[in-house]
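The values are calculated or read from the model by the stated rules, or taken from the named source; none is laboratory data. Keep in mind the model is a prediction, meaning the values are calculated, not measured. So basically every Cβ, Gly included, is an ideal-geometry build from the backbone, and we count neighbours across all protein chains shown.
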Amino acid sequence: MSYTVRFARSLPRSTWSTHTRFITTSIPRRKDPWPLPHTPEHLANTTTPPDLPPPEPLPRPGESVEKLRARLVYQSRKRGTLESDLLLSTFAKEQLKIMNEEELKEFDRLMDEPDWDIYYWATNKRTPPERWANSKLLDKLRVHVKNEGRVVRRMPDLS
């Protein structure tokens, strides 16, 4: 691919037409460092090895259920990618208040997984690893992602 580049040096604009040099150069097409989600390039760059062990959660001895719920609300909003933030924070707003302690701990374990893995598991673009294969929580998240009610979603307010 060839581009024409105009160099006008430091001449006044009125003299550009008579003193402009044209240089033709070949610029190689560069790989996009930030491919869009769901594109083959992005899927290829965000693959987690299947034999990778689950993340080791931080120990939180004596954490109450209410403190756990509040922490999960915050963590669901601050993931690092806008896609994950929106998906998980709206899910958390709808579901955390009705989850029991066991479901909250399962959601906490899910939050330890990489952002793009959670996103692609929830959108059915990738098969989750064995540890998440039969998860009811992930099934609920997938229903939330489908958004069959066509609800306009935005980041929920912290309250």
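Residue by residue, here is whether (1) without any contact (Cβ under 8 Å) to a residue 40 or more places away in the chain; (2) over 14 Å from the mean Cα position of the chain (by Cα) holds:
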site	(1), (2)
121	yes, no
125	no, no
147	yes, yes
153	no, yes
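Could you figure out which of (1) in a helix (DSSP H, G or I); (2) surrounded by fewer than 18 Cβ atoms within 10 Å (Cβ to Cβ); (3) in contact with a Phe, Trp or Tyr (Cβ under 6 Å, 6 or more places away or on another chain) isn't true of residue 131?
With respect to (1) in a helix (DSSP H, G or I); (2) surrounded by fewer than 18 Cβ atoms within 10 Å (Cβ to Cβ); (3) in contact with a Phe, Trp or Tyr (Cβ under 6 Å, 6 or more places away or on another chain), residue 131 is out only on (3).
When you go through 50, 55, 59 one by one, which is the residue that is part of a loop (DSSP other than H, G, I, E, B) and more than 21 Å from the chain's Cα centre (by Cα)?
59
Which one of these is in a helix (DSSP H, G or I), surrounded by 14 or more Cβ atoms within 10 Å (Cβ to Cβ) and of a type in the set (Asp, Glu): 66, 106, 102?
When all the criteria are applied, what remains is 106.
Pull out all pairs, ordered by first then second residue, where Cβ-Cβ is under 9 Å, the residues are six or more apart or on different chains, the first lies in the range 26-38 and is within 24 Å of residue 124 (Cα to Cα), and the second is at pLDDT 75 or above and surrounded by fewer than 10 Cβ atoms within 10 Å (Cβ to Cβ).
Once the first residue is within 24 Å of residue 124 (Cα to Cα) and sits in the range 26-38, its partners that are at pLDDT 75 or above and surrounded by fewer than 10 Cβ atoms within 10 Å (Cβ to Cβ) give 35/44.
For the condition modelled with pLDDT of 95 or more and more than 25 Å from residue 37 (Cβ to Cβ), what is the one hit in 56, 63, 103?
103
Can you tell which of 74, 120 is closer than 21 Å to residue 53 by Cβ and either part of a helix (DSSP H, G or I) or of a type in the set (Lys, Arg) (or both)?
None of the others qualify; the one that does is 120.
Looking at the structure I just gave you, is residue 85 under 21 Å from residue 152 (Cα atoms), part of a helix (DSSP H, G or I) and not polar (S, T, N, Q)?
Yes.
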